[in-house]
């Protein structure tokens, strides 16, 4: 009788262990997936900025030189300047993303359709820029890449509310990784391939994005792959997921409470992209191991390394006062603007150090802003709040593009000074 009444607990324990293993595996798959999605989403955007100098030269004509005259009609040294600033590429790379980020949070959250659109737009952008026979086709290709990046960011940050808050950290790290990998891969491949061949080789990235989203990421049950057919039009057109339904006026009324997140990050990005697209091209150390074009590419790489490190650090160091980074980034503008005008920095390694610090500040502002929001904003408001806040950094970047072009042209007209130590 005793043996008959015994109840073995092992099956229950085994089931619990199996459940724990599945949960742990799912968590790691999602963390890895969001890292990969962050990388793929921002990759094309970064590549277009890294290639900006080359795109301008190949599609808009060769760089020109400007010669200044002194009051006694003697000429001074000339500067090698493109007739169009890389700020023009920045505008084409950010304004479409800004428009998407502004409108998408108010639209139905059809996540699978949105990601399919991102993949197709990114692939189309690479092909269009690589094969463009005119400057306007090249610009249109940059626009397609921008639309992909903007739609992907606003969608995936909103989607992150269905997962552990740690996916914000891995997403941010992935976007930082896109900066390093995108800039390094472009700079490295451009040493051996033409600009066109380099861009076509990068078509593998949209394919990886699709595989990551539909095969690696473990979707919540209500958004699983069975819902994809519905979003393609073979079933209900009702949004499959979404936060508590709010009217457009209710969403707009939330904006003032989000200003404390949006304003600091917007200013940080205004300052840093003014540097990247308005000043990088004007920094020129002559007679060193890098040509002028190579200096531009590797300054972009250096900046992206700083971004990657800081965007990957939020679980180690959390900064609440993002406005401090705004002030420090403005100081970087002063340092590097004086460098482009006076050539007072004697060694390019000092510039690399300043630019690395610039990347630290920009990446830190991004990850700390969205990490704070993931903890401080109620879950029902998080999808809209995270999505609309992405507009702030894009707005700052767009303003930087508009400011960069006249400043670039004004500095180009100045005489080229003699660098200290030359």
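The values are calculated or read from the model by the stated rules, or taken from the named source; none is laboratory data. All values derive from a computational prediction rather than experimental measurement. Positions of Cβ are backbone-derived with ideal geometry, glycine not excepted, and every protein chain shown enters the neighbour counts.
Those residues that are assigned to a helix (DSSP H, G or I) and in contact (Cβ under 8 Å) with a residue 60 or more places away in the chain, I need them from the stretch 99-115; list them, please. Across the stretch 99-115, the qualifying residues are 101, 102, 104, 105, 106, 111, 112, 113, 115.
Scanning the stretch 146-196 for residues that are outside any loop (DSSP other than H, G, I, E, B), free of Cβ contacts under 8 Å to residues at least 60 places away in the same chain and more than 30 Å from residue 380 (Cα to Cα) gives 188, 189.
The residues of the stretch 325-370 include none that are outside any helix (DSSP H, G or I) and either at pLDDT 95 or above or crowded, with 23+ Cβ neighbours inside 10 Å (or both). Contact map, the stretch 303-324: first residue surrounded by fewer than 14 Cβ atoms within 10 Å (Cβ to Cβ), second residue at pLDDT 80 or above and not in a loop (DSSP other than H, G, I, E, B), Cβ cut-off under 7 Å, separation 6 or more or different chains; pairs are 315/169; 318/368; 318/371; 320/372. Within the stretch 122-137, the set of residues being surrounded by fewer than 23 Cβ atoms within 10 Å (Cβ to Cβ) and touching a residue at least 12 places away in the same chain (Cβ under 8 Å) comprises 123, 124, 127, 128, 130, 131, 132, 134, 135.
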